[in-house]
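Asker: Mind having a look at this structure? Questions to follow.
The values are calculated or read from the model by the stated rules, or taken from the named source; none is laboratory data. These numbers come from a predicted model, not from an experiment. Cβ placement follows ideal geometry from the backbone for every residue including glycine, while neighbour counts extend to all protein chains displayed.
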Amino acid sequence: GDSVTQMEGPVTLSEEAFLTINCTYTATGYPSLFWYVQYPGEGLQLLLKATKADDKGSNKGFEATYRKETTSFHLEKGSVQVSDSAVYFCALSVGGSEKLVFGKGMKLTVNP
Amino acid sequence: DAGVIQSPRHEVTEMGQEVTLRCKPISGHNSLFWYRQTMMRGLELLIYFNNNVPIDDSGMPEDRFSAKMPNASFSTLKIQPSEPRDSAVYFCASSLRGFLQPQHFGDGTRLSIL
């Protein structure tokens, strides 16, 4: 079946550190890939997306590139801020379905 | 603009009781999703609707769970009878129809079954 695997957390970084959150997937068809973010006490919100190989999604200083050869969609940010503290979820959808399959999520804490 | 509104925010009840969770989607959105979030299983899709019609309920765990969408502005998720293993955070999300449309999540209902 379709699935998403994220690196284990939680992760704690200092402000201005570089962030990478690994995400790999398995899919029965050609997936679209997403990163969602959940701030404390809130629901998830879309951070960025990519729909085909080599596409790069970007938003709020975050980037992720759709790598079909490695079935990966790693999230990166060059300099994190305290306000980036949240849980980050990688997700996919296949075949034009609205059904999202999420990874387990990774909690990030950024200290000043 | 008002986001997705869920009620109640917290619910504590005893095993065997009926639980009803409510959701008001964003006006104009025609897809609605119910998710359950637990530490063990992460975030799971339970059911989703297009234009008030259930499209995929394969994630509904068992017959104790039911969901309805009587109109475009309201949906319920019901658990009867409830069990301690149903304790979780339940999210409702809505979107415009289409797989690339962002899903907008409510703040969730934290459900505890004693």
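Asker: Being more than 12 Å from the chain's Cα centre (by Cα) and in contact (Cβ under 8 Å) with a residue 40 or more places away in the chain is the filter; apply it to the range B:99-114 and report the residue that is surrounded by the fewest Cβ atoms within 10 Å (Cβ to Cβ). Break it down into steps so the answer makes sense when it comes.
Answerer: Going residue by residue through the range B:99-114, those that are more than 12 Å from the chain's Cα centre (by Cα) are B:99-104, B:112-114.
Next, only the ones that are in contact (Cβ under 8 Å) with a residue 40 or more places away in the chain stay: B:101, B:103-104, B:112-114.
Values: B:GLN101: 15, B:GLN103: 26, B:HIS104: 21, B:SER112: 13, B:ILE113: 20, B:LEU114: 10.
Selected residue: B:LEU114.
Asker: So which residues in the range B:2-37 are crowded, with 18+ Cβ neighbours inside 10 Å and of a type in the set (A, V, I, L, M)?
Answerer: Matches in the range B:2-37: B:VAL4, B:VAL19, B:LEU21, B:ILE26, B:LEU32.
Asker: For A:HIS74, which of the numbered conditions (1) more than 14 Å from chain B (Cβ to nearest Cβ); (2) within 24 Å of B:GLY3 (Cβ to Cβ); (3) buried (at least 18 other Cβ atoms within 10 Å of the Cβ) fails to hold?
Answerer: Single failed check for A:HIS74: (2).
Asker: Is it fair to say A:VAL82 is away from chain B (no Cβ under 11 Å), surrounded by 15 or more Cβ atoms within 10 Å (Cβ to Cβ) and β-branched (Val, Ile, Thr)? Break it down stepwise before answering.
Answerer: Values: away from chain B (no Cβ under 11 Å): yes; surrounded by 15 or more Cβ atoms within 10 Å (Cβ to Cβ): no; β-branched (Val, Ile, Thr): yes.
So A:VAL82 fails the test.
Asker: In the range B:57-79, is there at least one residue being within 13 Å of chain A (Cβ to nearest Cβ), at negative phi, of a type in the set (D, E, K, R) and in contact with a Gly (Cβ under 8 Å, 6 or more places away or on another chain)?
Answerer: Among the residues of the range B:57-79, not one is within 13 Å of chain A (Cβ to nearest Cβ), at negative phi, of a type in the set (D, E, K, R) and in contact with a Gly (Cβ under 8 Å, 6 or more places away or on another chain), which makes the answer no.
Asker: Could you check the range B:91-114 and list, in sequence order, the residues that are out of contact with any Asp or Glu (no Cβ under 9 Å at 6 or more places or on another chain) and part of a strand (DSSP E or B)?
Answerer: Correct list: B:CYS92, B:ALA93, B:SER94, B:HIS104.
Asker: Taking only pairs six or more apart or across chains, which ones have beta-carbon atoms under 7 Å, a first residue in the range A:6-33 that is free of Cβ contacts under 8 Å to residues at least 60 places away in the same chain, and a second residue that is β-branched (Val, Ile, Thr)?
Answerer: Listed by first residue and then by second, the contacts come to A:THR24/A:THR5; A:THR24/A:THR71; A:THR26/A:THR71.
Asker: If I ask for residues that are more than 11 Å from the chain's Cα centre (by Cα) and more than 21 Å from B:ASN30 (Cβ to Cβ), which ones from the range B:57-78 would you list?
Answerer: B:PRO61, B:GLU62, B:ASP63, B:ARG64
Asker: Among (1) within 13 Å of chain B (Cβ to nearest Cβ); (2) of a type in the set (Gly, Ala, Ser); (3) farther than 16 Å from A:VAL87 by Cα, which single condition is A:ALA17 missing?
Answerer: (1)
Asker: Could you count how many residues in the range B:79-98 are aliphatic (A, V, I, L, M), under 24 Å from B:VAL12 (Cβ atoms) and more than 14 Å from the chain's Cα centre (by Cα)?
Answerer: Selection size over the range B:79-98: 0.
Asker: Identify all residues within the range B:33-45 that are in contact (Cβ under 8 Å) with a residue 40 or more places away in the chain and closer than 13 Å to A:PHE102 by Cβ; write none if there are none.
Answerer: B:PHE33, B:TYR35, B:ARG36, B:GLN37, B:THR38, B:LEU43
Asker: On to the next question. Find the residue count for the range B:38-51, including only residues that are assigned to a strand (DSSP E or B) and either at the interface with chain A (Cβ under 8 Å from one of its Cβ atoms) or surrounded by fewer than 21 Cβ atoms within 10 Å (Cβ to Cβ) (or both). Give the steps one after another, and end with the answer.
Answerer: First, the residues of the range B:38-51 that are assigned to a strand (DSSP E or B): B:38, B:42-50.
From what is left, the residues that are either at the interface with chain A (Cβ under 8 Å from one of its Cβ atoms) or surrounded by fewer than 21 Cβ atoms within 10 Å (Cβ to Cβ) (or both) are B:38, B:42-46, B:48, B:50.
Of the residues in the range B:38-51, 8 are assigned to a strand (DSSP E or B) and either at the interface with chain A (Cβ under 8 Å from one of its Cβ atoms) or surrounded by fewer than 21 Cβ atoms within 10 Å (Cβ to Cβ) (or both).
Asker: Additional query: Here is a list of conditions, (1) at pLDDT 95 or above; (2) exposed (fewer than 13 other Cβ atoms within 10 Å of the Cβ); (3) not polar (S, T, N, Q), and A:PHE62 meets all of them except one; can you say which number that is?
Answerer: All conditions are met except number (2).
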